Amino acid sequence: MNIIRMEDMNWPDIKKAMEEGYTTVVVGIGSTEQHGPHLPTKTDTLIGDLIAHGVARKLGNALQAKTIPVGCSEHHLAFPGTISLQASTLKMMMGDYTESLVKQGFKTIIYLPSHGGNFQTVKEAIEELDAKFSEAKIIGYTDLMHFVECLYEISSEFGISQEEAGAHAGENETSFIMAFASELVKQDRFAPGYLGPMGEREIKIILNKGMPALSKKGVLGDPTRASAEKGKVYLEKIVDFLVREIQK
């Protein structure tokens, strides 16, 4: 199928696709939050939408539902433009998405968070929803540390260190946006942010005390060596990784 984003389709074509076996739906879950002085607040949503689209394409029998554009971003509220949901609100949104899709006859719903603050909430929601809807399979990828490590590994193939690649608005995410929305990137504002270790301890600091506790400018990493060419490779490889994980 040429078009698999359901928001770009009409209902007769969606119905026909389902009759032809497209009974899996992929849903990205992004955020609206600061991404340093150089990237747009929709960064995670744009990346999540691209990843969800790529995964749906690779699976071959899947459609893509509208990406959820707001997530759990309380730790970024010190920066203007961030909009955050309570975890309970995101769970309710996922519940409504799931109920709508299951009622229409979809058999598998795959949730893919692209914002670190969403992973635990999405994990809990998937467990609850899969138990509730016995007529469908509700799955997703919610291992945040493994996801970040995979991105680090891909960046390392270009000689980018973990510290540069970063976990937020560093080389990795900046390359993604340069590849697919370059007009929204302020390259004259590229500058390193926090370049220290990034493990469970640091993630807890950010979630409990807010991003400024580690980075006053809201950047974890260094976008200086980002490029559109690398961003295209990153998307292809992270999609391949997620498809392998989902098929397990």
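None of the figures in this text is laboratory data; all of them are computed from the coordinates on show. From a predicted model like this one, the values you see are computed outputs, not experimental measurements. Using ideal geometry, Cβ is built from the backbone for each residue, glycine included, and neighbour counts are taken over all protein chains shown.
Side notes on the structure shown:
- Structure-based [θ]222 nm, the chain - -39500 (n - 2.57) summed over DSSP H runs of at least 4, per residue, nearest 500: -14500 deg cm²/dmol
- Its residues counted as N, the chain yields a C-alpha radius of gyration over 2.2 N^0.38 Å of 0.99.
- Computed over region 56-112, the percent of Cα pairs more than 15 Å apart is 58.
- Summary of the geometry: region 55-108 and region 214-233, compared by the centres of their Cα atoms, lie 25 Å apart.
- Region 9-60, Rg to Rh (Cα coordinates; Rh as Kirkwood inverse mean 1/r): 1.16
- Spacing of the two label points (7 Å from each Cα toward its C-beta) at residue 130 and residue 1, in nm: 2.4 nm
- The stretch between residue 244 and residue 78 holds 56.1 nm of extra length on full extension. This uses 0.36 nm per residue minus the Cα-Cα distance.
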